[in-house]
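Encoded as structure tokens, the structure appears first; notes follow it.
Read-outs throughout are calculated quantities, based only on the coordinates presented, and are distinct from any laboratory measurement. Being a predicted model, the structure only gives us computed values, none of them experimental. A quick note on method: Cβ atoms are made from the backbone with ideal geometry, for glycine too, and the neighbour counts reach across all protein chains shown.
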């Protein structure tokens, strides 16, 4: 099966409203899937047989209302959303080389953030962080629960995608 391609984009719409999702959960008549449409055109499906999908539907509704971008991975064959994370909008502080990659200071965060050298896109992510640090620009950083950086992109890129 091909790898899911990450997408960072704002949510345009969901095929079921939040009220419909909550009512369906009460009556146990949950739809099989909910379609999530993104501003730049792609869409993904929430497989409502998976327990996390009801929570993800609520999160995506909230993100749509707040016009906040979502990081999703969509299986290219089934179109099912396999990952949902919330990118943070930050500036990059110091970047320190480590044995395993880099430790990154994200301004406004006291946590330690790591970029692992074993990532296939390590070089591209490291360059994006370094460019943002040098230019003092704001970027969207997505990381896992254990603060592993998995995506970095300029905020302007998302705004440009929104204008299409």
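Summary table below
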{"read-out": "On Cα atoms only, tilt of 122-135 relative to the major axis of the chain in degrees", "value": "70"}
{"read-out": "With Cα atoms, 0 to 90° folded angle of helix 51-65 axis to the chain main axis", "value": "70"}
{"read-out": "Most mobile listed residue (118, 139, 36) in the chain, GNM with C-alpha springs under 10 Å", "value": "118"}
{"read-out": "When the stretch 46-89 is reduced to its Cα atoms, the Kirkwood hydrodynamic radius in Å", "value": "11.0"}
{"read-out": "Residue 58 versus residue 19: modelled label distance in nm, points set 7 Å from Cα along the beta carbon direction", "value": "1.8"}
{"read-out": "Read-out volume of the Cα convex hull per residue in Å³, derived from the coordinates shown; its label in (1) 163; (2) 127; (3) 144", "value": "(2)"}
{"read-out": "Max mean-square fluctuation residue, GNM over the chain, Cα-Cα springs under 10 Å, options 62, 109, 53", "value": "109"}
{"read-out": "For the stretch 5-85: span of alpha carbons on each principal axis (Å, largest first)", "value": "33, 29, 18"}
{"read-out": "Base-10 log of normalised Debye intensity for the stretch 88-162 (one unit scatterer per alpha-carbon) at q = 0.23 Å⁻¹", "value": "-1.05"}
{"read-out": "Helix 18-27 axis, angle to the chain major axis (alpha carbon atoms, nearest 10°)", "value": "50"}
{"read-out": "Highest-fluctuation residue, 83, 23, 65 considered, GNM on the chain with Cα pairs under 10 Å", "value": "23"}
{"read-out": "Label-point separation in nm, residue 89 to residue 5, each point 7 Å along Cα→Cβ", "value": "2.6"}
